[in-house]
Amino acid sequence: MTDMNMKEYIEEAEKDLLHTYNRYRIVLDKGEGVHLYDIEGKEYLDFVAGISVFALGYGNKEYNDALKNQIDKVIHTSNYYYNVPAIEAAKALKKYSGMDRVFFTNSGAEAIEGAIKTARKYGFNKDGRTDHEIIAMNHSFHGRTMGALSVTGNPHYRDAFEPGIGNIRFADYNDLESVKKLVNDKTIAILLETVQGEGGLTPATDEFIKGIRQICDEKDILMICDEIQCGMGRTGYPFAFMKYGIKPDVITVAKALGCGVPIGAFAMTEKVGSSSLVAGDHGTTYGGNPLCCAAAAKVLEIMERDDIPGKALKTGEYLWKKLDEVAAEFTQIKEHRGRGLMQGLVFDRPVGDIINKALEKGLILINAGSDIIRFVPPLIITEADIDAMIVILKEAIAETVK
Ligand SMILES: *Cc1c(COP(=O)(O)O)cnc(C)c1O
């Protein structure tokens, strides 16, 4: 299979892989900084970063070396033994997030599963009941496993797979009254993305976040912030909740935590940690393995040392200004939303054609829903990269929308 061209590879892929994605028709081969290259050598400016994953860009030497060194030592042990990278990664994540207890997973969806189990066990310990409810948000996205799907407020993802895990209620994002209406003595957790990603790059309002924190404080309900997409520096803060001056009881992290290796985490305060999951309640074979934890420890070290969130805040402001100009130029753009290096342009039509046109011109973009272009580049992008992106974006829009 070494001498096939892109078209031939794609034909092979379509025969062998389960068709759960409508993929863009390029076969990617390697990356360098904020650029990706396909197997025919074409260069692409990457404003997707593997969907909010590759925060440090491709080919970061320090990160690559950390992984290579760990490969030569040991890749996997088991959670029945301790390993140094997991200890270091947990310490670093605690320090960066302000949480006290960490459980490492292999994905974002599994982090959500863990957070749901944490909430149910917390409730069970409190009153021995097993009918506790979790309030989640409409237009949310929390992953594809059955538990994560059950708290995802988008029927399009859920319909064919009902029934879900049950006892989940959905409120409207940024509508505190709609949350209050659902709170009762069975409510054990309120789960929300601090900035909604898939659902449309919508940041929580100050009033909403603070209001939820207050409800949770008054009624001993766990506030769970899903920081899988918006965390790890993306919005200009180590974690998006930090902008609001509040602290959740539980957070979920993944995507940029490993910057390319599969690792996620759910983390919690000591109060929750000491009254929820105990030995035998939860586990994973791969979660917390030395290879992925070596990556996470290194990512956290670089993020903090080089103030990557601070840089993202600054370039995020520049991106905001530039996308505002684009939005002013095209009447087909209805809204510009987001925070930091997590922004979206909402169009009055599906954006697939624009994205394909940009791809032809060497720019990788992705949608969020059918009518929003999402911008989640590596956090190391520069203003010059943004300028280069804007040129192609404007061409792609002009040549596509009529
Ligand atoms: C991507 C994402 C998930 C799911 O993570 P996976 O690693 O794909 O399972 C959950 N929540 C949010 C907010 C996400 O963006």
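The values are calculated or read from the model by the stated rules, or taken from the named source; none is laboratory data. Note that the structure is predicted; figures quoted are calculated from it, not measured. All Cβ positions, glycine included, derive from the backbone under ideal geometry; neighbour counts span all protein chains shown. Note: accessible area is taken over every heavy atom of the protein model, side chains too, but ligands, DNA and RNA are not part of it. Shrake-Rupley method; radii C 1.70, N 1.55, O 1.52, S 1.80 Å.
Once the other residues with Cβ under 15 Å from the Cβ of D127 are scored (Lys, Arg +1; Asp, Glu -1), what is the net sum? Around D127, the charge tally is +2. In this simple spin-label model, placing a label point 7 Å from the Cα along the Cα-to-Cβ direction at both D387 and K361 gives a separation of 1.7 nm. Applying the criteria of a DSSP loop state and at most 11 other Cβ atoms within 10 Å to the GluC sites (Glu not before Pro) of region 1-88 yields E40. All other residues with a Cβ under 14 Å from the Cβ of L313 taken together, and with Lys, Arg as +1 and Asp, Glu as -1, what is their net charge? Net of charged neighbours comes to +2.
The candidates R144, R120, R337, arranged from most to least accessible area with a 1.4 Å probe in the full protein assembly, appear as R144, R120, R337.
Tell me, what is the Rg over Rh of the chain, with Rh the Kirkwood radius over Cα pairs?
Working: Rg = 21.1 Å, Rh = 21.9 Å.
In the chain, Rg relative to Rh is 0.96.
For the pair D131 and K314, the difference between a 0.36 nm per residue extended length and the Cα-Cα distance amounts to 61.3 nm. Taking amide hydrogens as placed 1.01 Å from N in the peptide plane, the amide H of L363 sits under 5 Å from those of L45, each at least 5 positions away in sequence or on another chain.
What's the FRET efficiency of E14 with F124 using the Cβ-Cβ distance as r and R₀ = 51 Å, to the nearest 0.05? Efficiency for this residue pair is about 0.65. The phi torsions of region 336-353, fed into the Karplus equation with coefficients 6.51, -1.76 and 1.60 and a -60° offset, translate into couplings of 10, 10, x, 7, x, 9, 9, 10, x, 10, 8, 9, 8, 7, x, 9, x, 5 Hz, rounded to whole numbers, with Gly and Pro shown as x. For region 117-123, 3J(HN,Hα) computed residue by residue from phi via the Karplus equation (6.51, -1.76, 1.60; θ = phi - 60°) reads 5, 4, 5, 5, 5, 4, x Hz, glycine and proline entered as x.
Less than 5 angstrom separates the built amide H of T187 from those of E133, all sequence-distant by 5 or more or on a different chain. Which residue, Q196, Q332, Q229, has the most motion in a Gaussian network model of the chain that connects Cα atoms within less than 10 Å? Judging by the Gaussian network model, the answer is Q332. Net length available on complete extension from D159 to N64 is 30.1 nm, with 0.36 nm assigned per residue and the Cα-Cα distance removed. Gain on full extension, evaluated as 0.36 nm per residue between I51 and D307 minus their Cα-Cα distance, stands at 90.0 nm.
Taking the Cα centre of the chain as origin and charging only Cβ (+1 Lys, Arg; -1 Asp, Glu), how large is the dipole, in debye to the nearest 20?
Dipole of the chain, to the nearest 20 debye: 920 debye.
When the Cα atoms of region 111-198 are enclosed in a convex hull and the volume is divided per residue, what value in Å³ results? Working shown, then result.
Details: hull volume 7.9 nm³, N = 88.
Looking at region 111-198, the number lands at 90 Å³ per residue.
Most mobile of F161, F330, F54 per a Gaussian network model of the chain (Cα springs, under 10 Å)? Highest fluctuation of the listed residues: F161.
Remark on A171: its backbone amide H falls under 5 Å from those of A136, M137, N138, a criterion applied only to residues 5 or more positions apart or on other chains, H modelled at 1.01 Å from N. Remark: for residue pairs K68/K298; K255/K394; K61/K95; K243/K321, the C-alpha separation exceeds 22 Å in K255/K394; K61/K95.
At a 1.4 Å probe, what is the % contribution of carbon and sulfur to the accessible area of the chain? Spell out each step's value before the answer.
Details: 9490 of 18110 Å².
Ligands and nucleic acids excluded, carbon and sulfur give 52 percent.
Springs join every pair of Cα atoms under 10 Å in this Gaussian network model of the chain, and among G283, G153, G316 the largest mean-square fluctuation is at G283.
Given a Förster distance of 35 angstrom, what is the FRET efficiency for D206 paired with L182, based on the Cβ-Cβ distance and rounded to 0.05? E between D206 and L182, to the nearest 0.05, is 0.95. Enclosing the Cα atoms of region 73-305 in their convex hull gives a volume equal to 118 cubic angstrom per residue. Entry comment: accessible area of the chain is 45 Å² per residue, from protein heavy atoms only and a probe of 1.4 Å. Inter-label distance, K73 to M146: 3.8 nm, where each label sits 7 Å from its Cα along the C-beta direction.
What net charge do the residues around I10 carry, taking every other residue with its C-beta under 14 Å from that of I10, with Lys and Arg at +1 and Asp and Glu at -1? That sum, taken over residues with Cβ under 14 Å, equals -4. Per-residue 3J(HN,Hα) values for region 247-264, derived from phi via the Karplus relation 6.51 cos²θ - 1.76 cosθ + 1.60 with θ = phi - 60°, read 10, x, 8, 9, 10, 10, 9, 6, 5, 6, 4, x, 6, x, 9, x, 8, x Hz in sequence order (x marks Gly and Pro).
Overall size of region 246-402 from C-alpha positions, given as principal axis extents largest first: 60, 32, 31 Å.
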